[in-house]
Amino acid sequence: QKLAVALQLAIENDELNLVYQPIFRLDGGHIESLEALLRWHSAEHGHISPLEIIAVAEHHGLAHQLNQWVLLSACRQLKHWHQQGHGWLKVNVNISPEIFMSGELGSTVKTVLQRTGLPASALVLEITEDTSLWDTAGSIDNLARLRQLGVEIALDDFGTGYSSFSHLRQLPVNKLKIDKSFVSDLTTDSRAADLVHTIIRLAESLDMEVTAEGIELPEQQQHLQRLGCQLGQGYLLARPLPASQVADWLQQDL
Ligand code: G
Ligand code: G
Ligand code: MN
Ligand code: NA
């Protein structure tokens, strides 16, 4: 309860923070996008994890307000980087299932793009490959409308959910993010390796781009590249960074 009040104030007073973890093109090593990750250090309650922030927000009717804050902040920041000469850069924003299901996301996204003047193609929405999410026709419509705006949709934590092949084929989604649990087992467990290989080929056949998350070791990166994985993210490549440090990384890419 107290936490919810503090969160509401933090949203209103801009006391939340986003850090940005680069997503790299594995061949060439250029930064393709930055995933915005929520951080909150409350003066009163200390450090609160993003999962807890989301849970509190959803429980107290703050989810939309929080989502608007995240989208607007991430897009403003990206606009700034575009103006610094990095016009090709994208931003990935995590969207919780509750927000995605509500059907209001489309108008929020439209408003944020208008306010920031960003092209829709610069925004990638990450939606967890979540159980019941895909069972309703409404979800597919929501996705289709978002894709019509021109934003990209990535299925996050892919491999941990329940998407069947036929299901995946119907989804207006254009990117998959392989869950880090598979990447961490990639070089030590041949079943994990087979699975990753299968996901990459599946994505190819559906014309989706694949990002591997949680790359921590050079041999994982090499293995992923051999399997044809285009994009990668993980502590080996870069940790989540404050916006001020992202500029330094981008400088090397100019
Ligand atoms: O950055 P970190 O590893 O602490 O993130 C933990 C989890 O919180 C991840 O699953 C991540 O997707 C999620 N997360 C981080 N930021 C956001 C956000 O802005 N919105 C939502 N819905 N989830 C987020
Ligand atoms: O659920 P989602 O994929 O959005 O979660 C992203 C989270 O994973 C972020 O909170 C980020 O801090 C974390 N993360 C990013 N790279 C790595 C990594 O290489 N190893 C581990 N263990 N976590 C990572
Ligand atoms: Mn994510
Ligand atoms: Na993930």
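Just so you know, all these numbers are worked out from the coordinates, no wet-lab data involved. Every value quoted in this text rests on a predicted model; they were computed, and no experiment measured them. Quick reminder, even Gly has a Cβ in these numbers, built from the backbone with ideal geometry, and neighbours come from all protein chains shown.
Order these by the 10 Å Cβ neighbour count, fewest first: Glu209, Glu35.
Details: Glu209 16, Glu35 25.
Ranked by crowding around the Cβ, least crowded first: Glu209, Glu35.
About the Cα centre of the chain, what is the dipole size in debye to 20, counting +1 per Lys and Arg Cβ and -1 per Asp and Glu Cβ, all else neutral?
Details: 18 positive and 31 negative charges, 126 e Å.
The calculation lands at about 600 debye.
Projection of the Cα convex hull of the chain, averaged over all directions and equal to a quarter of that hull's surface, yields 13.5 nm². As a calculated quantity, the FRET efficiency between Gln1 and Arg226 at R0 = 41 Å, using C-beta atoms, amounts to about 0.20.
For the range 107-254, the square roots of the Cα gyration tensor eigenvalues, ordered a ≥ b ≥ c, give a/c of at least 1.5 with a/b no greater than b/c, which places it in the oblate category.
Shown for the chain: lysine pairs separated by 8 or more places, or found on different chains, whose C-alpha atoms are under 26 Å apart, numbering 10. Taking every C-alpha pair closer than 8 Å and separated by at least 6 residues, the mean separation divided by the residue count of the chain gives a relative contact order of 19 percent.
Extending 7 Å from the Cα toward the beta-carbon at both Ser244 and His59 defines two label points whose distance is 3.4 nm. Taking the number of Cβ atoms within 10 Å of each Cβ as an exposure proxy, the fewest-first ranking of Asp179, Asp156, Asp248 is Asp248, Asp179, Asp156.
Please state the relative contact order of the range 3-55 as a whole percent: Cα pairs under 8 Å, 6+ residues apart? The partial results should precede the final answer.
Working: 58 pairs, mean separation 15.2, N = 53.
Relative contact order here is 29 percent.
Between Gln230, Gly87, Ala144, the Cα set farthest toward the positive side of the dipole of the chain (charges on each charged residue's Cβ, about the Cα centre) is that of Gly87. Scanning residues 5 or more positions from Glu126 or on other chains, those with amide H under 5 Å from its amide H are Val93, Asn94, Ile95, Ala154, with H placed 1.01 Å from N in the peptide plane. Model label points for Ser42 and Arg191, set 7 angstrom from Cα along the Cα-to-Cβ axis, are 4.1 nm apart. Note on Ala120/Leu206: beta-carbon distance plugged into 1/(1 + (r/R0)^6) with R0 of 35 Å gives a FRET efficiency of 0.95. Once C-alpha pairs closer than 8 Å and six or more residues apart are averaged by separation and normalised to the residue number of the range 20-136, the relative contact order reads 24 percent.
For a quick check: sort Lys177, Lys79 by the number of other beta carbons within 10 angstrom, fewest at the front. Could the numbers behind the result be given before it?
Values: Lys177 26, Lys79 16.
With the sparsest Cβ surroundings first, the list reads Lys79, Lys177.
Summing +1 for each Lys or Arg and -1 for each Asp or Glu among the other residues whose beta-carbon sits under 12 angstrom from that of Val124 gives -2.
One chain, two ends: His167 and Asp27. Fully extended at 0.36 nm per residue, the span grows by 47.4 nm beyond their Cα-Cα distance.
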